[in-house]
Amino acid sequence: MTASLVLSAWLLAAFAGAASADWSLDPERSHLAFVSIKAKDTAEVNTFKEMSGTVDEEGRVEIALRLDSVETLIPIRNERMRELLFETADYKEARLTAKIDGALLADMTPGEIATTAAEGILSLHGERQPMILTLQVAKVADDTLMVASVKPVIVEAAKFGLTSGIERLREIAGLESISHAVPVSFVVTFVDAPAP
């Protein structure tokens, strides 16, 4: 009986510890990409090399992208996007906040996959816009979650004050057009980060 009580207490403590833990984004196993389209039919995939984020026990998600880390595979284009589009001297980060069901995360077992919707706010270039995210969440291991976009998120330049920046890029590159709406997709990995 004593051994059973001790085991029960240990399991309860272990569960309580897992339930109260925060999840921290693992940048080595996380990826976000956006597709820009120029001259009507030329698509280019771009990424960010630096991102961070957390999910807390109540399902509050926060992800930050370092805009200076934009990667287009062409150094001069990286520089132009930083200076002319994102204006990183004034706007350092893009930040996404969202809320998912904390109970969903607590109840998932390793190997389980679930689809959920989340209401989010994207803060970019001094503007904030609501968006609905459709997400696939996978419990990879006891201490690892993977979250991916089921559908690309469409970011419209006009809603974030980026239209003039796109036009400056178009002019300097001598292009007929650059799309003002871009699809964004992501796969991000979170690891269990218990509170001390």
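Could you count how many residues in region 47-92 are surrounded by 20 or more Cβ atoms within 10 Å (Cβ to Cβ), out of contact with any helix residue (DSSP H, G or I) (no Cβ under 6 Å at 6 or more places or on another chain) and within 18 Å of Val182 (Cα to Cα)?
Qualifying residue count for the region: 2.
Quick one: which residue in Glu50, Glu87, Glu83 is within 18 Å of the chain's Cα centre (by Cα), acidic (Asp, Glu) and under 24 Å from Gly161 (Cβ atoms)?
Working: Glu87 fails: within 18 Å of the chain's Cα centre (by Cα); Glu83 fails: within 18 Å of the chain's Cα centre (by Cα).
Criteria check complete, one pass: Glu50.
Yes/no per residue for (1) of a type in the set (A, V, I, L, M, F, W, C); (2) exposed (fewer than 15 other Cβ atoms within 10 Å of the Cβ); (3) part of a strand (DSSP E or B):
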position: Ala117; (1), (2), (3): yes, yes, yes
position: Thr134; (1), (2), (3): no, yes, yes
position: Met146; (1), (2), (3): yes, no, yes
position: Lys151; (1), (2), (3): no, yes, no
position: Ile172; (1), (2), (3): yes, yes, no
position: Pro183; (1), (2), (3): no, no, yes
position: Val188; (1), (2), (3): yes, no, yes
position: Val191; (1), (2), (3): yes, no, yes
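Starting from residues that are polar (S, T, N, Q) and not in a loop (DSSP other than H, G, I, E, B), keep the ones in region 96-115 and report whichever is surrounded by the most Cβ atoms within 10 Å (Cβ to Cβ).
Only one residue fits best here, namely Thr97.
Note down all Cβ pairs under 6 Å where the first residue falls in region 102-131 and is closer than 26 Å to Val155 by Cβ, the second is aromatic (Phe, Trp, Tyr), and they're at least six residues apart or on different chains.
The qualifying pairs are Leu124/Phe160; His125/Tyr91; His125/Phe160; Glu127/Phe160.
Looking at region 138-196 only, could you name the residues that are basic (Lys, Arg) and within 15 Å of Val55 (Cβ to Cβ)?
Taking region 138-196 as the starting set, the residues that turn out to be basic (Lys, Arg) are 139, 151, 159, 168, 170.
Lys139, the sole residue that qualifies.
A quick yes/no check of all residues on (1) at pLDDT 95 or above; (2) of a type in the set (A, V, I, L, M, F, W, C):
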position	(1), (2)
Leu162	yes, yes
Pro183	yes, no
Thr189	yes, no
Ala193	no, yes
Pro196	no, no
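Rundown of residues vs (1) over 16 Å from Asp143 (Cα atoms); (2) among the aromatic types (Phe, Trp, Tyr); (3) at pLDDT below 95; (4) not in a helix (DSSP H, G or I), yes/no style:
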residue: Ala16; (1), (2), (3), (4): no, no, yes, no
residue: Glu58; (1), (2), (3), (4): yes, no, yes, yes
residue: Ala64; (1), (2), (3), (4): yes, no, no, yes
residue: Arg82; (1), (2), (3), (4): yes, no, no, no
residue: Leu85; (1), (2), (3), (4): yes, no, no, no
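The values are calculated or read from the model by the stated rules, or taken from the named source; none is laboratory data. What you see is a predicted model, and the numbers here were worked out from it, not measured in a lab. For neighbour counting, all protein chains shown are included, and Cβ atoms are generated from backbone atoms with ideal geometry for every residue, glycine included.
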